[in-house]
1. Of the residues in the range A:68-90, how many are surrounded by 12 or more Cβ atoms within 10 Å (Cβ to Cβ) and free of Cβ contacts under 8 Å to residues at least 40 places away in the same chain?
2. So which residues in the range B:12-54 are part of a strand (DSSP E or B) and more than 14 Å from every other protein chain (Cβ to nearest Cβ), if there are any at all?
3. Specify which of the listed residues (A:S96, A:S20, A:S71) is modelled with pLDDT under 95 and out of contact with any Pro (no Cβ under 8 Å at 6 or more places or on another chain).
4. Before we move on, is A:T65 under 28 Å from B:P39 (Cα atoms) and either crowded, with 18+ Cβ neighbours inside 10 Å or touching a Ser or Thr at 6+ places or on another chain (Cβ under 7 Å) (or both)?
5. Taking the range B:1-11, which residues are over 23 Å from B:K65 (Cβ atoms) and either without any contact (Cβ under 8 Å) to a residue 40 or more places away in the chain or away from chain A (no Cβ under 13 Å) (or both)?
6. Is it the case, given these coordinates, that A:D98 is within 30 Å of B:S59 (Cβ to Cβ) and loosely packed, with under 14 Cβ neighbours inside 10 Å?
Amino acid sequence: EDQVTQSPEALRLQEGESSSLNCSYTVSGLRGLFWYRQDPGKGPEFLFTLYSAGEEKEKERLKATLTKKESFLHITAPKPEDSATYLCAVRSPKRSNDYKLSFGAGTTVTVRA
Amino acid sequence: SAVISQKPSRDICQRGTSLTIQCQVDSQVTMMFWYRQQPGQSLTLIATANQGSEATYESGFVIDKFPISRPNLTFSTLTVSNMSPEDSSIYLCSVGRDRERNTDTQYFGPGTRLTVL
């Protein structure tokens, strides 16, 4: 069974204090690793998709990287508006039309001004 | 990305009743998904809904409890039947395999917050 573990559970940062979130996974046949941002009371907002080890994607203060066992979401010089829960999900299809995403529990980031 | 809306955004229901949640997308999509997010937890897939075929349910979820309709490529409904307080959750629809962009990325709606008394 696919396992997705995110750490830490919670992260409190001072504005401008860069840090990284970890997503480790155990799957058979990774066909995509996805990062989402979720604000309280809202649906997840798509951030990045990574497909192969060594791949990197950036968007504003966020950068996602992927290895064969884990992914990191780096937050550079965060601002209070970066406060949210960040979710990691993997797709590891068991059949040809299997598009199920398995989610980690998330990391809740709080950035103080 | 696709624009997805859900109705209702929230509801408070009595035990034993049923609620139907609607999901509308602004473009034609091959696959739609229904997830549940219980309080303080992450997302769990309930079922995959393809237009023109029966929904595919994940382990632990059954059609009698969560019947799904998918009448066309832009709309789906999820019904939560014979509700109990344990059904109190946020229910989210997502879309994937956009016909135009042919992407595996799933985009999520705003969610329906359900409270069962």
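The values are calculated or read from the model by the stated rules, or taken from the named source; none is laboratory data. Fair warning: this is a prediction, and the values are worked out from it, not measured in the lab. Please note: Cβ atoms are built from the backbone with ideal geometry, for glycine as well, and neighbour counts cover all protein chains shown.
1. The qualifying residues number 2.
2. B:I12, B:C13, B:L19, B:T20, B:Q22
3. A:S96
4. Taking the combined requirement at face value, the residue does not satisfy it.
5. B:V3
6. Yes; evaluated as a whole, the condition is true for this residue.
Quick grid of which residues meet (1) within 14 Å of the chain's Cα centre (by Cα); (2) more than 16 Å from B:P110 (Cα to Cα); (3) surrounded by 18 or more Cβ atoms within 10 Å (Cβ to Cβ):
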{"position": "B:Q14", "(1), (2), (3)": "no, yes, no"}
{"position": "B:T17", "(1), (2), (3)": "no, yes, no"}
{"position": "B:S27", "(1), (2), (3)": "no, yes, no"}
{"position": "B:Q37", "(1), (2), (3)": "yes, no, yes"}
{"position": "B:L43", "(1), (2), (3)": "yes, no, yes"}
{"position": "B:T48", "(1), (2), (3)": "yes, yes, yes"}
{"position": "B:D64", "(1), (2), (3)": "no, yes, no"}
{"position": "B:P67", "(1), (2), (3)": "yes, yes, no"}
